[in-house]
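Single-structure report; data block below.
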Amino acid sequence: MTLFPKAAVAALALAAVAGFGLWQAGPSEGDSSLAAVGAPNAQTEAATDAATDQAEAPAIEIKDMVLGQEDAPITLIEYASYTCPHCATFHANVFKDLKRDYIDTGKVRLVYREVYFDRYGLWAAMIARCGGDMRYFGIQEMLYAQQSEWAASDDPNVVVNNLKTIGKTAGMDDATLDACLQDGAKAQAMVDHYETVMAEFDVRGTPTLVINGTVHSNMSYADLRALLDAELAK
């Protein structure tokens with residue numbers, strides 16, 4: 001399990017208010033680069049603009065992403081981060097069997113809640129949500145399967161371009177992806193929602209699984225299947 005550093009929450013919230021300093025015009029047409037988050041002038045101006053925009057704009061509702069039937073006997077909440085290696089392993093070794101045996105058969109309703117350890121994970125979630133409900137879990141699969149590739153660089157410009165490549169594979173164009181990544185108000189709403197749902201079950205690390213209200217840590221598919229079958233037998 002990847003443990004969550006609590007100080008990251010405040011840092012992410014501050015970055016969201018400042019619009020993340022995400023984009024500045026690059027030297028050539030169509031080229032984009034990340035603004036330095038630590039640039040004081042850029043951050044101050046961005047924060048002021050973001051605060052003004054948020055005061056004028058209606059509140060943005062962020063919802064959990066859901067798979068499965070509404071009336072399934074088991075609700076399984078998964079807390080996971082797109083930059084968490086243990087989460088990628090869970091999705092490689094457990095999630096596909098879980099979906100086939102329990103979600104697709106109407107036994108489990110999965111509620112997926114994004115956890116943001118860092119800005120890369122937040123940006124990845126913004127790309128996944130950019131595709132809308134219908135494409136979210138398809139993009140999610142790519143993000144986890146390619147995590148060691150797209151998140152490997154220390155250069156945020158490289159990471160953003162890697163994420164946009166995944167977005168393009170899902171059928172989105174540069175303009176759409178740039179608009180999603182520049183949406184500071186939505187980013188702030190995502191961070192706010194994240195803080196709220198993390199507190200609901202006092203989540204401390206990822207992946208965390210909540211099965212009909214009972215909290216569990218990461219586990220193998222065999223262990224998860226045993227828990228789900230026991231729950232179904234009640």
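Each value in this text was obtained by applying a stated rule to the coordinates, not by laboratory testing. These numbers were taken from a predicted model, which means no experiment stands behind them. Positions of Cβ are generated from backbone atoms using ideal geometry, with glycine treated the same way; all protein chains shown enter the neighbour counts.
Assuming R0 = 30 Å, can you tell me the calculated FRET efficiency for the pair Met219 and Ala179, based on Cβ-Cβ distance, to the nearest 0.05? It would help to have the intermediate numbers written out before the result.
Working: r = 39 Å, r/R0 = 1.29.
So the FRET efficiency works out to roughly 0.20.
Report the net charge of residues surrounding Phe201, where surrounding means a beta-carbon distance below 14 angstrom and charges are Lys +1, Arg +1, Asp -1, Glu -1. Provide the component values of the computation, followed by the final result.
Values: positive: Arg113, Arg204; negative: Asp64, Glu78, Glu195, Glu200, Asp202.
Neighbourhood net charge equals -3.
Classify region 97-175: rounded, prolate or oblate, from the alpha-carbon gyration tensor (a ≥ b ≥ c, eigenvalue square roots; a/c under 1.5 rounded; otherwise prolate if a/b is larger than b/c)? Walk me through the intermediate numbers first.
Values: a/c = 2.27, a/b = 1.78, b/c = 1.27.
Because a/c hits 1.5 or more and a/b exceeds b/c, region 97-175 counts as prolate.
Classify region 84-234 as rounded, prolate or oblate, taking a ≥ b ≥ c as the square roots of the eigenvalues of its Cα gyration tensor: rounded when a/c is under 1.5, otherwise prolate if a/b is larger than b/c and oblate if not.
prolate
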* **Inter-label distance, nm, simple model (7 Å from Cα along the C-beta direction), Met134/Ala233** => 4.2
* Where chymotrypsin sites (Phe, Trp or Tyr not before Pro) fall in DSSP loop in region 156-225, at most 13 other Cβ within 10 Å -> none
* Can you give the FRET efficiency for Ser148 and Lys96, using 1/(1 + (r/R0)^6), R0 = 22 Å, r = Cβ-Cβ distance, to the nearest 0.05? -> 0.75
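Multiplying the sequence separation of Ala226 and Thr165 by 0.36 nm and subtracting their Cα-Cα distance, what value in nm do you get?
On the way: separation 61, 0.36 × 61 = 21.96 nm, distance 3.85 nm.
The span from Ala226 to Thr165 would gain 18.1 nm if fully extended.
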